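Worksheet for the structure shown next.
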Amino acid sequence: MKVKRMKLVVCGKGGSGKSTVAALIARELARRGRVLVVDTDESNFGLYQHLGFEQPKDFMLYLGGKAKLKEILFRTKGRPEADILEEFTLNDLPEGFFVGDEHLKLVAIGKIHEFGEGCACPMNVLAAEFLRKLRLRDREFVVVDTDAGIEHFGRGVEASCDAVLVVIDPSYESVMLSKKIAGICESVDKEVFFLLNKIDEDSKELLELMDGSKVVGVLPFKRELFRACLRGEPLPEIEEIPSVVDTLLKWSSK
């Protein structure tokens, strides 16, 4: 398989396990090349722990913080392409604003830290600009962990990405959200895949509700994974993940 490069957005309903899946996929991709995880979920502070890292400094601070970003938004009248950043590569990430090593790095863009900070719009604009200006080389990958729901689509976070992976748990809300996301992706010509998560004997009928051609994997409920997430510990190895990554890489190499 000729592995190229890929920017993958991971999204889904709150509680579906998207941050956990993003971490698992990123760690497996790091065995195949270089990976940057972009954490854009403003309310989830656990992704760095899933990867065994310290919490990184928020990338917004590199540009002066949220207030400065609001000024930029005002000047650009909210244009999706705000020209906040110059083009850059993984080697150009500013020191102090990422954690990790040569194979796996994490950047956090936009966390809510205090009461009354306001909406997530500046964060999403910066995330979209970051992904648009990042240039990848062969065997370099980006995994984006988004906030729950679909607001990030409205802010154009997916515009410069290659594919969207929807994490679906056994719930009606998750199924309906996946259909909404699939429709949005089709309207902007983005490839969409489904990963079914937390599946047990009672929830296997979930497969019957999905477009099977888009399903790249089924992750059963695993108690050891549940415990690691509960304790904020690095995630254990999950045997189904390599085949999921193989499927995604096979698609990206076409």
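The values are calculated or read from the model by the stated rules, or taken from the named source; none is laboratory data. Not measured: the values here are computed from a predicted model. No Cβ is skipped: glycine too gets one built from the backbone with ideal geometry, and neighbour counts run over all protein chains shown.
Quick notes
- In the set (1) over 18 Å from the mean Cα position of the chain (by Cα); (2) within 28 Å of PHE45 (Cβ to Cβ); (3) modelled with pLDDT under 95, the condition left unmet by SER213 is number (2).
- As a summary of the residue check, LYS198 satisfies the conditions (1) surrounded by 18 or more Cβ atoms within 10 Å (Cβ to Cβ); (2) closer than 23 Å to PRO122 by Cα; (3) in contact (Cβ under 8 Å) with a residue 60 or more places away in the chain except for the one numbered (2).
- The residues of the range 1-33 that are farther than 24 Å from HIS152 by Cα, touching a helix residue (DSSP H, G or I) at 6+ places or on another chain (Cβ under 6 Å) and either modelled with pLDDT of 95 or more or buried (at least 24 other Cβ atoms within 10 Å of the Cβ) (or both) amount to a single one, GLU28.
- Residue selected from the range 153-182 under the condition in contact with a strand residue (DSSP E or B) (Cβ under 9 Å, 6 or more places away or on another chain) and among the small types (Gly, Ala, Ser), by the criterion farthest from GLU87 (Cα to Cα): SER174
- Residues in the range 129-152 that are assigned to a helix (DSSP H, G or I) and touching a strand residue (DSSP E or B) at 6+ places or on another chain (Cβ under 8 Å): PHE130, LEU131, LYS133, HIS152.
- Tally, over the range 28-45, of residues that are within 13 Å of the chain's Cα centre (by Cα) and over 18 Å from SER174 (Cβ atoms): 7
- When we screen LEU131, LEU85 for residues that are at pLDDT 90 or above and of a type in the set (A, V, I, L, M), the only hit is LEU131.
- Residue match in the range 153-163 (condition: at pLDDT below 90, β-branched (Val, Ile, Thr) and either in contact with a Leu (Cβ under 8 Å, 6 or more places away or on another chain) or within 27 Å of ALA30 (Cα to Cα) (or both)): yes
- Scanning the range 175-186 turns up at least one residue that is touching a Leu at 6+ places or on another chain (Cβ under 8 Å) and either assigned to a strand (DSSP E or B) or in contact (Cβ under 8 Å) with a residue 24 or more places away in the chain (or both).
- Within the range 66-82, tally of residues that are under 22 Å from the mean Cα position of the chain (by Cα) and either modelled with pLDDT of 75 or more or not in a loop (DSSP other than H, G, I, E, B) (or both): 2
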